[in-house]
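Notes follow the structure.
Quick note: the coordinates plus some simple rules give every number you see, no bench work behind them. Every value quoted in this text rests on a predicted model; they were computed, and no experiment measured them. Neighbour counts are summed over all protein chains in view; Cβ atoms, including those assigned to glycine, are modelled from backbone coordinates with ideal geometry.
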């Protein structure tokens with residue numbers, strides 16, 4: 001049964017770029033973007049302040065470019081530009097649902113979005129706008145997972161949610177290992193020591209340092225975002241205290 005009151009006032013949702021592909025092998029599937037936007041709309045209607053970080057792997061992944069011989073910093077900057085494209089697509093979908101949305105980029109590009117300024121971002125959230133943080137941290141060698149943990153810390157978010165391809169954190173890849181175990185609750189140290197790979201180590205360490213719980217759930221299940229915010233749904237909760245209620 002879904003709780004009547006959401007458990008969190010302000011949250012950050014991290015969505016991978018690959019999640020925006022839908023059934024495609026590349027690019028942006030607008031039907032998928034619209035579905036995710038509808039989930040965000042449901043949370044927004046419940047009075048939850050929502051901000052997002054979206055990856056860019058559906059368009060360009062810096063590590064892949066570097067693996068093919070491209071200079072790593074250049075490849076990472078190209079990946080940051082891909083996240084801006086995804087952010088603009090999500091902004092368009094949200095504003096078609098009459099939700100005021102602002103894209104704030106760590107790399108200034110004032111013709112298409114606002115530069116990231118922490119106090120401005122906080123003001124947008126206080127005014128009921130959805131805020132999308134683009135271009136990662138603005139620095140090469142840092143992932144969008146780390147950017148998500150950083151922005152969640154800066155915004156004073158109550159929780160960091162990661163929408164993934166599966167409904168939680170598993171001991172192995174459930175798509176290839178039928179015996180993979182899904183964890184209901186983990187500590188930050190569990191994730192780091194078991195090298196579970198749900199988020200990179202700097203992101204987990206930053207969330208741990210600022211005591212921000214992380215919830216991992218399937219972004220492909222309609223309504224899952226609000227369900228996990230209300231304490232329902234299938235997910236994995238990562239926190240300092242494994243007995244903490246999710």
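The distance linking the stretch 113-138 with the stretch 1-80 is 15 Å (Cα centroid to Cα centroid, whole angstrom).
Beta bridges per DSSP, both residues in the stretch 91-226: antiparallel share near 15 percent. Helical content of the chain, expressed as a calculated mean residue ellipticity at 222 nm, amounts to -11000 deg cm²/dmol (DSSP H runs of 4 or more residues, -39,500 (n - 2.57) each, divided by residue number, nearest 500). Among 51, 235, 113, the residue with the largest mean-square fluctuation in a Gaussian network model of the chain, with springs joining Cα atoms closer than 10 Å, is 113. Give the shape of the stretch 185-246 as rounded, prolate or oblate, defined through the alpha-carbon gyration tensor: a ≥ b ≥ c are the square roots of its eigenvalues, a/c under 1.5 means rounded, and otherwise the shape is prolate if a/b is larger than b/c and oblate if not. Here the stretch 185-246 falls in the prolate category.
Which FRET efficiency value, to the nearest 0.05, do you get for residue 234 and residue 97 by plugging their Cβ-Cβ distance into 1/(1 + (r/R0)^6) with R0 = 25 Å? That pair, residue 234 with residue 97, gives E of 0.45. Note on the stretch 10-239: the C-alpha convex hull projects to 12.0 nm² when averaged across all orientations. Fewest-first ordering of 205, 64 by other beta carbons within 10 Å of each residue's beta carbon gives 64, 205. Note on the chain: with a GNM built from Cα contacts shorter than 10 Å, the maximum mean-square fluctuation among 91, 24, 165 falls on 24. Of 49, 31, 114, 181, the sequence from fewest to most neighbouring Cβ atoms within 10 angstrom is 31, 181, 114, 49. Classification of the stretch 101-164 by its C-alpha gyration tensor yields an oblate form. The axis ratio a/c (a ≥ b ≥ c) is 1.5 or more, and b/c is at least a/b. In terms of surrounding Cβ atoms within a 10 Å radius of their Cβ, 21, 90, 214, 85 rank from fewest to most as 21, 85, 90, 214. Here the mean projected area of the convex hull built on the C-alpha positions of the stretch 127-169 is 4.3 nm².
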